[in-house]
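Everything below concerns the one structure shown next.
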Amino acid sequence: MTTQATTQLPAVAVKSHRKPISWGSIFTFIILGFGAVLMIAPFLWIIQAAFGDTTEVFKLPPRWLPANPSLENFEDVFNQVPYHLFLFNSLKLAIIVTIGQLITCSLAAYAFARLEFPGRNVLFVLLLSALMIPGQVTIVPLFILVRQLGLYNTHAALILPALVNPFGVFLLRQYFVTLPTELEDAARVDGANVFTIYWRIILPLSGPVLTTLAILTFVGMWNSYFFPLIMINSPELQVITVGLTLLRGQYGVGALGPIAAALTMAIVPVLLVFVFLQKYIIKSIVSTGLKT
Amino acid sequence: MSEKIMTYQGMKRREMFTAYAFILPTFIGFLIFIVGPMLASFVVSLFDWNLLTPPKFIGLDNYQQLFADRRIGTVYGTTFKLAFTIITCNMSLGLGLAVLLDRKMSSVLRNFFKVSYFFPYVVSGVAIAIIWTFLYNRDLGPLNYYLGFLGVERIPWLNSSTYSPWAVVIADVWKNVGFYVLVFLGGMQAISRELYEAAEVDGATAWQQFRRITLPLLSPTMLFLTVTSVIGALQIFEQPQILTNGGPGDATRTIVLYIYEHGFRFFDMGYASTIAITLFVIILILTAIQFRLSRRWVFYQ
């Protein structure tokens, strides 16, 4: 009712009707702003330390800009450990597992969504029951198995188990069943086989959900620590997460500079990707509830 | 006519084989890497096996050791305390911040807050834990420095059994709270605005609206968050391993850290499997209880 009245008043009067900034919104802004500072400041501190003078960075009061900016710390990192290999291995594993999972999950999901075969529901429920089994519970037998298969200290030990993702199958299956069947029926009448339908019709229609799965898998694999810690022994095969702890082990806890440089190299690529793809990333993770 | 039926059946059969071929990669992996190890963990728990000498069958000795192990009670106590504190902090802080973010503000500002709260969630737990070891440094860490302005004495965050569990909790909440904020915010934005308008007409205060509309209708969101975070929090590993390595004493030793140490430090595969089975059983029971309880307090719009 009031809005109707104000719209008929001249512009000046509308302005005077505007509520003054309330104490509530000032309070909101202060709390949220303080929270944001707490979230951002540690990253800024680490980045300044990465570019700072090794002897100066870990002093009080905390610095927020490097005193004598240099790249010395970054050079130190590469002299100490094969950090470029850690980065390369992490990237390689994340890409292989992401592509692999998109294939294995979408094939299984399509079968469960559209094809008829005996045991379909039982097998689907069986597969989903695996969601109740946390990976850390089966780590001991898995480690023994990996050793028996001769895969200990190889990237295959990290790739092969990661290609099974019951959650991924579930996610894609739920999406596939919502797709209209008309296109598939038409293709079938034209004599297309199942694989052609899956490849030419279903996958091209499933961009959003495939992107979601790709983001979840990539982030999860890039950040994984427990499995590489156990399955990989040689430094040159190691990934970035374990690599960071190796580096810390070599320097001890006092050496902020080089470790900050390593952290910066691990975090900044993630930050850049995150800034560009934040909408997709947030949506993917929040809607599915990935626990990294 | 009969010819047509034959081809139809032939088509069905072909579809069946294609279907099995499609699920084959997933099911081979499922059997080898999930079902197999799950069943094998019961078998391994009956053996004494250090990987160097052949496994020796010892019956239920590992289970006997489990019941005699005093530390396991301590470790589970620590795990539950940490999990409970972490979930409580994440849920309440996450809800509080989401309520504030749900208020009227420019979308640029809201997006800035969302992104800055959420970013640590996508960074690896290892990187976050290492950052916090520096922040927690007793003499040179920024945390104690700024707390000093509030008159707080320097706290030995990582070397005291009183403070080290809090160090783990704070680092974990800092990393994960953004996830809770955004899930809660999503839940709130799904609640129909008409309900609030109706309540306003009836003269309900902001608090009443929150208590009587927002909270009950967020209960499915809360169920989802508790189920996922209880399972996650019971498996907490990276933060305590990197920040304190379980110490001092057993103050931050969680159950997965304990499994890891028995399995991959002492190479006692049998006993590590036995402990892992207890964790599996506990997670199953807790999940079942949560779904039971949820029938009583979850409301759907």
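The values are calculated or read from the model by the stated rules, or taken from the named source; none is laboratory data. What you see is a predicted model; the values in this text were computed from it and never measured. Note: ideal-geometry Cβ built from the backbone for every residue, glycine included; neighbour counts use all protein chains shown.
Structure notes:
- Selected residue (criterion: nearest to A:Val275 (Cα to Cα)) from residues of the range B:74-114 that are of a type in the set (Ser, Thr, Tyr) and surrounded by fewer than 16 Cβ atoms within 10 Å (Cβ to Cβ): B:Ser107
- Pair list, Cβ < 7 Å and 6+ apart or interchain, from the range A:120-135 residues that are in the same structural domain as A:Leu163 (by TED's automatic domain parsing) and in a helix (DSSP H, G or I) to residues that are at pLDDT below 90 and among the polar types (S, T, N, Q): A:Met132/B:Thr287
- Only one of A:Leu256, A:Leu216, A:Leu246 that is under 20 Å from A:Ile96 (Cβ atoms), buried (at least 16 other Cβ atoms within 10 Å of the Cβ) and touching a residue at least 40 places away in the same chain (Cβ under 8 Å): A:Leu216
- Residues of the range A:107-148 that turn out to be surrounded by fewer than 17 Cβ atoms within 10 Å (Cβ to Cβ) and either over 29 Å from B:Glu238 (Cβ atoms) or more than 9 Å from every other protein chain (Cβ to nearest Cβ) (or both), as a count: 12
- Options B:Gly94, B:Gly77: the member that is within 12 Å of chain A (Cβ to nearest Cβ) and assigned to a helix (DSSP H, G or I): B:Gly94
- Count - residues of the range A:109-119 that are in a helix (DSSP H, G or I) and either in contact with a Lys or Arg (Cβ under 7 Å, 6 or more places away or on another chain) or touching a residue at least 12 places away in the same chain (Cβ under 8 Å) (or both): 5
- Some residue of the range A:38-53 being closer than 30 Å to B:Gln9 by Cα, free of Cβ contacts under 8 Å to residues at least 60 places away in the same chain and in contact with a helix residue (DSSP H, G or I) (Cβ under 7 Å, 6 or more places away or on another chain): no
- The single residue among B:Ile259, B:Ile282 that is of a type in the set (Val, Ile, Thr), part of a helix (DSSP H, G or I) and within 9 Å of chain A (Cβ to nearest Cβ) turns out to be B:Ile259.
- Taking the criterion of being of a type in the set (Gly, Ala, Ser) and under 13 Å from the mean Cα position of the chain (by Cα), the residues of the range B:209-268 that qualify are B:Ser229, B:Gly232, B:Ala233.
- Taking the range A:200-236 as the range and being more than 12 Å from the chain's Cα centre (by Cα) and of a type in the set (A, V, I, L, M) as the test, the residues that pass are A:Ile201, A:Ile202, A:Leu203, A:Leu205, A:Val209, A:Leu210, A:Leu229, A:Ile230, A:Met231, A:Ile232.
- Listing of helices (runs of 4 or more DSSP H) fully contained in the range B:122-217 that carry 1 or more residues being touching a Leu at 6+ places or on another chain (Cβ under 7 Å) and surrounded by 15 or more Cβ atoms within 10 Å (Cβ to Cβ): B:125-135, B:142-149, B:164-189
- Scanning the range B:67-93 for residues that are under 15 Å from the mean Cα position of the chain (by Cα) and closer than 25 Å to B:Trp207 by Cβ yields a total of 5.
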